[in-house]
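The values are calculated or read from the model by the stated rules, or taken from the named source; none is laboratory data. Keep in mind that what you see is a predicted model, and the values were worked out from it rather than measured. Cβ placement follows ideal geometry from the backbone for every residue including glycine, while neighbour counts extend to all protein chains displayed. The accessibility values were calculated without ligands, DNA or RNA, using every heavy atom of the protein model including side chains. Shrake-Rupley method; radii C 1.70, N 1.55, O 1.52, S 1.80 Å.
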Amino acid sequence: MTQPREALKRPLSDLERYAGWLAKDHVSVAVRADVHALGTAIDVGHETSLLLLTLDKDIGRLPSGDLRKMLRNALREIRAVLGSGGIDV
């Protein structure tokens, strides 16, 4: 169980960093809140599927661009780790 949690550190850190680069508009604030909620859920071992869906939806509401692509890539990596069945969240 430690190895998958370690595998989540980098993409989750990337996701948090990219979310911090977003503007101060309503959608950006929602994405940052989603990222924070996801990080908290992973830390305490709660179910993350609904949080992942909400974050994906809110990222889709951002304007197209490199930052949105970077957020999606980090989210894809997190889903890959969580979907591997190697972690109980």
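Only one of L62, L71 is in contact with a helix residue (DSSP H, G or I) (Cβ under 8 Å, 6 or more places away or on another chain), in a loop (DSSP other than H, G, I, E, B) and not acidic (D, E); which?
Values: L71 fails: in a loop (DSSP other than H, G, I, E, B).
Being in contact with a helix residue (DSSP H, G or I) (Cβ under 8 Å, 6 or more places away or on another chain), in a loop (DSSP other than H, G, I, E, B) and not acidic (D, E) holds for just one of L62, L71, which is L62.
In the range 68-75, the condition of being farther than 13 Å from L12 by Cα and open to solvent by 70 Å² or more (accessible area, probe 1.4 Å) is met by at least one residue. Quick one: would you say T54 is under 20 Å from G83 (Cβ atoms) and at pLDDT 95 or above? Against the criterion (under 20 Å from G83 (Cβ atoms) and at pLDDT 95 or above), T54 qualifies.
Working only within the range 23-54, note down all residues that are assigned to a loop (DSSP other than H, G, I, E, B) and open to solvent by 30 Å² or more (accessible area, probe 1.4 Å). Write out each step before concluding.
Within the range 23-54, the first condition is being assigned to a loop (DSSP other than H, G, I, E, B), and the residues that meet it are 23-25, 45-48.
A23, K24, D25, H46, E47 - these are the residues of the range 23-54 that are assigned to a loop (DSSP other than H, G, I, E, B) and open to solvent by 30 Å² or more (accessible area, probe 1.4 Å).
Go over the candidates L75, L38, L50 one by one and state the one that is without any contact (Cβ under 8 Å) to a residue 40 or more places away in the chain and of a type in the set (A, V, I, L, M). First the steps, then the outcome.
Values: L75 fails: without any contact (Cβ under 8 Å) to a residue 40 or more places away in the chain; L38 fails: without any contact (Cβ under 8 Å) to a residue 40 or more places away in the chain.
Criteria check complete, one pass: L50.
Among the residues making up the range 3-22, those that are in a helix (DSSP H, G or I) and loosely packed, with under 12 Cβ neighbours inside 10 Å are Q3, E6, K9, G20.
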